[in-house]
Amino acid sequence: MTTISTSPPDPGDPVERARWLRDQLWFHNERYYNDDAPVISDSQYDALMQELRDLEAAHPELRSASSPTQIIGGSASDRFPQVQHPIPMLSLANAFDRDDLEAWHRRVTDLLDGQPFRMVAELKIDGLAVRLVYRDGAFVLGATRGNGQTGEDVTPNLREVESIPHSLHGDFPADLEVRGEVYLPLDSFRRMNEERARNGEPLYANPRNTGAGTIRQLDPEVVRDRHMEIWVYSLNDTGDVPMPAGHWEALEQLGFYGFRVNDANRIFDTVDEVCAYYDRMLGERHHWGYEADGLVVKVDSLAQQNALGFAGREPRWAIAYKFPAERAVTKLRKIKINVGRTGSLNPQAILKPVAVSGATVQHASLHNEGDIHSKDIREGDMVEIERAGDVIPHVLRHVPTPGKKRGPEFHMPERCPECETLVVKVEGDAMHRCPNSACPAQFFESLKHFVSRSAMDIDGLGERWCRILIDRGLVSDVSHVYGLNMEQLTELDRMGEKLATRILDNVKASKQRPLARILFALGIPHVGAEVAELLTSHYTSIEKLAEAGIDELAGLHEASAISGVGPRIAESIVNYFVTERNWKTIIGLNDAGVELLQKPVVAEVGEQPWLGRTFVVTGTLSSMTRREAESKVKALGGTTSSSVSGRTYRLVSGASPGSKLALAERLRIVVWNEDEFLHFLEAPFSLDEKSM
């Protein structure tokens, strides 16, 4: 995951603008799909995606198979076994108003040569998409969508969802696959937050992310306790199941088998009927016991669906008709400053409580000083806020109040509100920052990041316990986590032996995390998960990376050796390692037994004939997934990278390889097709220069 820029480039430069949009979308995909912690609303994300689509349409040379417009945003976590979806779980195109829906209807009509078609309208549940597999009527596999091709095997957790049948009813086929949306009911969400409030714990942000995080828990009992539910919305045509003529009939059949099918589903003949139903559902949206953010409208006939096919990552025969983001006007009481883990001063709006989208809102995001000035927002103003999908609300604009005297313009404080250090603002950076790495607020955020799932994954050490460990003086550096013991933890209020044991076991396990995860966990500014992976494909230890100077890192970038690492990131890396406090952290981690070396995967045959050689896999392989191909390379001692560079040894090219093939040819890197790759996998010890 890249660290996104807060300063967008000039819209007049399509190349830089497209690059910026892709970085933004990948960042937000990661936060939404993998971290279950989005930081922008659905409407803001959709606006970014639509701008990139328009830009790629106007400049086709900017479009690639790796663009967010072509790829589903999530990825499968390595916390669970991974499974391949025989039929990809795709995303949907969006309609935001009646004009968009009518345009989709016209496109479908044209593609069907004027044939009439019926449409099924279903509520678009705001949850987690899953695939369920049954053999001889028994539930045998449940998987998340992941990236659409590869998902996570979460079968034990889905068995705890009471509305997922363990066995089917009626005359069911021997092999059956269905898809559905697992969600957290609003009653369960409210109960959980009420309990957390009583315990003094931070509240969960919204049902969607809490529910998705629940299904990704390693303990199935958590799923059972939270009373998750499911609506099943499709029957997969695997080739082994007699399929009905239409989607509506398939939904009825699923109900006969014992699946929970939403009784709000309807079938219509015209766009007018769909729009009337949309208006009705929009008016009723706060009366359901679950979150939905629109309708999904599908062509009913399965034969017509097959004829329409797909466009990139989206079926042509379906569209999501989104509900509008909900807005309200209220008073901005105060602008509060929070300090982030990289020292960024983050302004937050403290609002007069107002009801929006079924919830009472008291806080909203303001991004940075430039954002506040561009919207001319001041304390005491009436402001319009937007809250969509229960994401943290955002202030959209100042609402003028005739005759009311306004307060002074907002300016960032000169000193950090937490440690009184003078605030700095570097040219080109939209954020003001506290430069004191020992700032208490920064360390709290750094510790939360270090133990988080995407970093060292120390399950059990949540935000509340991070705060307590700091307040008790048990942890003043992230490396101190590895010095915690049972006696210290069980002396903490509400910390039982069971939780303490879980935390200590996870602390021990985290010592063996891959080097890229450790590098990401350190919280080096501008080094996200993706950049960390790129760096560790070229530097096999923290020590070697620390020895690299700005010129070396920037020079590698210019030579395309580490695509994605530019001068700004290079400077950040060097500055991190020359800071005494940070180097003490590295020493502390090393002394605690954290493995700070890149650990090669040992080949089963006991040798590593591809040791020291870097491979890039691109395009679509017919015999295996890209991830499986990379695993085979690593099993023979090789390393893999997501970018072609002067250090790339071989490019393995499948179908639709995109720009990586052209770059490899320019750099005169040997390219293998899939057959050649399979040949050398079977006889890896013949991999020498004569055989190449």
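Every read-out reported here was derived from the displayed coordinates using simple, explicitly stated rules and does not represent laboratory data. Note that the coordinates shown come from a computational prediction; the quantities given were computed from them, not determined experimentally. Glycine also receives a Cβ, built like all others from the backbone with ideal geometry; neighbour counts cover every protein chain displayed.
Of note:
- Within a straight-line Cα-Cα reach of under 28 Å, K405 can be paired with the following lysines, leaving aside sequence neighbours fewer than 8 residues apart in one chain: K331, K334, K336, K352, K375.
- Residue exposure proxy: H398, H166, H538, ordered by other Cβ atoms within 10 angstrom of their Cβ from fewest to most, comes out as H166, H398, H538.
- A cut-off under 14 angstrom between Cβ atoms defines the neighbours of R179, and their net charge, with Lys, Arg +1 and Asp, Glu -1, is +1.
- For the stretch 99-104, 3J(HN,Hα) per residue [Karplus equation, 6.51 cos²θ - 1.76 cosθ + 1.60, θ = phi - 60°, Hz, x = Gly/Pro]: 4, 4, 5, 5, 5, 4
- 22 Å Cα-Cα reach of K498 towards lysines, excluding residues that sit fewer than 8 places from it in its own chain: K448, K508, K511
- Neighbour counting of Cβ atoms within 10 Å sorts the residues C434, C419, C439, fewest neighbours leading, into C419, C439, C434.
- Amide hydrogen neighbours beyond the local backbone of L396, cut-off 5 Å, H modeled: E384, I385, E386
- Of all aspartates and glutamates in the structure, the ones whose alpha carbon falls short of 14 Å from that of K584, not counting any fewer than 8 places away in one chain, are D477, E543.
- The simple spin-label model puts a point 7 Å past each Cα toward its Cβ; for H411 and E491 those points are separated by 4.8 nm.
- Cα centroid separation, the stretch 393-424 to the stretch 217-248 (Å): 48
- Summary of the geometry: the stretch 498-534 and the stretch 256-302, compared by the centres of their Cα atoms, lie 43 Å apart.
- Here the residues K405, K322, ranked from fewest to most Cβ neighbours within 10 Å of their Cβ, fall in the order K405, K322.
- Sparse-neighbourhood loop sites, GluC sites (Glu not before Pro) in the stretch 416-511 - DSSP loop, at most 15 other Cβ within 10 angstrom: E420, E427, E491
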